[in-house]
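Here the structure is laid out as structure tokens; the discussion comes afterwards.
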Amino acid sequence: MCTSPAPGALLTGAALLLAAAPTAYATLAEADSSVPERGVPYVETQLFFGTERPGGGPAVTDRQFMAFVDKEVTPGFPDGLTVQSGRGRWRDVSGRIWKERSYELYPVERGFASDRRIEEVRRAYEKTFGQESVGRVDDRARADF
């Protein structure tokens, strides 16, 4: 027989984890100041591409996505990039939740990433495949290639 936890027990556990996370993260970052910093300051950009079409048309295929990467992304980021497949959830402007195959793309550029080129990639994908948006996350990091 399986019993459920008391109401609020899961919430309390989740709140406890969330409350502890920033402290653990800060402690990890400051753990050993004797270790030299590697690489140069860098802004890491992640782009998130959905594949379902809002109008209900056929989803973007792997072949179509990789052709887009070859044509629109690779020329602007000759230092390299990484593409990963994923499964995402997305709430559109009407409130509908979509489940879809997705891609994460990490363009690499020595030094700070080019905002203009990244925005061009986002707009090109939205236009080419009828997407509402392409997600973007920027994070400060250090890179050594």
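Computed values, structure above
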{"quantity": "Options E104, E126, E109: the member that is in contact with a strand residue (DSSP E or B) (Cβ under 9 Å, 6 or more places away or on another chain), under 24 Å from T61 (Cα atoms) and surrounded by 12 or more Cβ atoms within 10 Å (Cβ to Cβ)", "calculated": "E104"}
{"quantity": "Top-ranked residue of region 129-144 - restricted to ones that are open to solvent by 30 Å² or more (accessible area, probe 1.4 Å) and among the hydrophobic types (A, V, I, L, M, F, W, C), ranked as modelled with the lowest pLDDT", "calculated": "A141"}
{"quantity": "Filter result for R89 (free of Cβ contacts under 8 Å to residues at least 60 places away in the same chain, open to solvent by 80 Å² or more (accessible area, probe 1.4 Å) and under 17 Å from the mean Cα position of the chain (by Cα))", "calculated": "yes"}
{"quantity": "Strands (runs of 3 or more DSSP E) enclosed by region 56-145 - at least 2 residues per element that are polar (S, T, N, Q) and closer than 15 Å to T45 by Cβ", "calculated": "81-91"}
{"quantity": "Scan of region 42-86 for residues that are of a type in the set (G, A, S) and open to solvent by 30 Å² or more (accessible area, probe 1.4 Å), ordered by number", "calculated": "G55, G56, G57, A59, A67, S85"}
{"quantity": "Members of region 101-145 found to be closer than 20 Å to W90 by Cα, among the acidic types (D, E) and touching a residue at least 12 places away in the same chain (Cβ under 8 Å), listed by number", "calculated": "E104, E132, D138"}
{"quantity": "Check on P7, modelled with pLDDT of 85 or more and open to solvent by 80 Å² or more (accessible area, probe 1.4 Å)", "calculated": "no"}
{"quantity": "Region 42-101: number of residues that are among the aliphatic types (A, V, I, L, M) and in contact with a helix residue (DSSP H, G or I) (Cβ under 8 Å, 6 or more places away or on another chain)", "calculated": "5"}
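The values are calculated or read from the model by the stated rules, or taken from the named source; none is laboratory data. Just so you know, these numbers come straight off a predicted model, no measurement behind them. Don't worry about glycine lacking a Cβ; one is built from the backbone with ideal geometry, like all the others, and counts go over all protein chains shown. Ligands, DNA and RNA are excluded from the accessible area calculation, which covers all protein heavy atoms including side chains. Shrake-Rupley method; radii C 1.70, N 1.55, O 1.52, S 1.80 Å.
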